[in-house]
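Data first, discussion second: the structure below is written as structure tokens.
The values are calculated or read from the model by the stated rules, or taken from the named source; none is laboratory data. Small disclaimer: the values here were computed from a predicted structure and weren't measured. With ideal geometry, Cβ positions are generated from the backbone for all residues, glycine too; neighbour counts draw on all protein chains shown.
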Amino acid sequence: MYDRFSAAADMGFKAVEYQFPYGEDVSKLQTVLDKNGLEIVLINAPPCDYATGDPGLAGIVGRKAEFKEFIEEVIFYSTTLNCPRIHIMAGVLKAHVAHKVALSIMSENFKYAADLCAEAGIKVLIEPLNTIDMPGYLIGHSIQARNLMAIVNSENLFLQYDLYHCGMNGENLEDSINSNFDVIDYIQVAGVP
């Protein structure tokens, strides 16, 4: 895994993302980053159990306490690694849960995270994930992300805009970027098939 950092540095990159650094020795990780002249600019909050299709906890009923623990964990990693932003994954809507219930839980959790992370100097990002690749994901479109941001009403909640996901959603990328530019803090670039 650490050879990826060397490869990024060899290609001239000065910064990298590291989705899930959990379980890594942060002092060793920081040593490798320093050796390669790199900084981590984005990490994801723990996904819960991505392997079983459970990407995120923010909107999941009955898991607020676990969400809060995960936020404390991501703050530890972010501050230790001097990472200025985190992406919090919303989760997939469960069949027995009404969307408005999940939205209420998600807005409370994002407000909690945005406030706590602001105290630590860390920006909180939300990213729409397209519903083709991630069916049922609670934030599947930039409009949904903006609606959630309006509900949360925090100056520390930003949009992570992924050209791939928004393109897969059928969004006109130029129009969408222009209409969301005021809240976009981070853009990921990838091609749409």
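Across the range 5-23, what is the total count of residues that are out of contact with any helix residue (DSSP H, G or I) (no Cβ under 6 Å at 6 or more places or on another chain), in contact (Cβ under 8 Å) with a residue 12 or more places away in the chain and either hydrophobic (A, V, I, L, M, F, W, C) or not in a helix (DSSP H, G or I) (or both)?
The total comes to 10.
If I filter the range 31-43 for residues that are aliphatic (A, V, I, L, M) and under 23 Å from residue 137 (Cβ atoms), do I get at least one hit?
yes
Could you tell me how many of the residues in the range 109-141 are modelled with pLDDT of 95 or more, touching a strand residue (DSSP E or B) at 6+ places or on another chain (Cβ under 7 Å) and of a type in the set (Gly, Ala, Ser)?
Going through the range 109-141 one residue at a time, the tally reaches 2.
Quickly run through the range 128-166 and pick out the residues that are hydroxyl-bearing (Ser, Thr, Tyr), without any contact (Cβ under 8 Å) to a residue 60 or more places away in the chain and either buried (at least 22 other Cβ atoms within 10 Å of the Cβ) or outside any helix (DSSP H, G or I) (or both).
Once the filter is applied, which keeps residues that are hydroxyl-bearing (Ser, Thr, Tyr), without any contact (Cβ under 8 Å) to a residue 60 or more places away in the chain and either buried (at least 22 other Cβ atoms within 10 Å of the Cβ) or outside any helix (DSSP H, G or I) (or both), the range 128-166 yields 131, 142, 154, 161.
Can you tell which of 89, 1, 106 is surrounded by fewer than 15 Cβ atoms within 10 Å (Cβ to Cβ) and hydrophobic (A, V, I, L, M, F, W, C)?
1
Going by what's in this entry, would residue 106 be described as out of contact with any Leu (no Cβ under 7 Å at 6 or more places or on another chain) and closer than 15 Å to residue 136 by Cβ?
No, not satisfied.
Please find, within the range 4-31, the residue that is surrounded by the fewest Cβ atoms within 10 Å (Cβ to Cβ) out of those that are among the aliphatic types (A, V, I, L, M) and at pLDDT 95 or above.
Restricting to residues being among the aliphatic types (A, V, I, L, M) and at pLDDT 95 or above, the top hit is 11.
Go through the range 99-127 and report how many residues are free of Cβ contacts under 8 Å to residues at least 12 places away in the same chain and assigned to a strand (DSSP E or B).
Of the residues in the range 99-127, 0 are free of Cβ contacts under 8 Å to residues at least 12 places away in the same chain and assigned to a strand (DSSP E or B).
Between 46, 55, which is part of a strand (DSSP E or B) and modelled with pLDDT under 95?
Checking each option against the conditions leaves just 55.
Looking at (1) closer than 15 Å to residue 138 by Cβ; (2) part of a loop (DSSP other than H, G, I, E, B); (3) in contact with a helix residue (DSSP H, G or I) (Cβ under 9 Å, 6 or more places away or on another chain), find the lone condition where residue 67 falls short.
Going through the list (1) closer than 15 Å to residue 138 by Cβ; (2) part of a loop (DSSP other than H, G, I, E, B); (3) in contact with a helix residue (DSSP H, G or I) (Cβ under 9 Å, 6 or more places away or on another chain), residue 67 breaks only (2).
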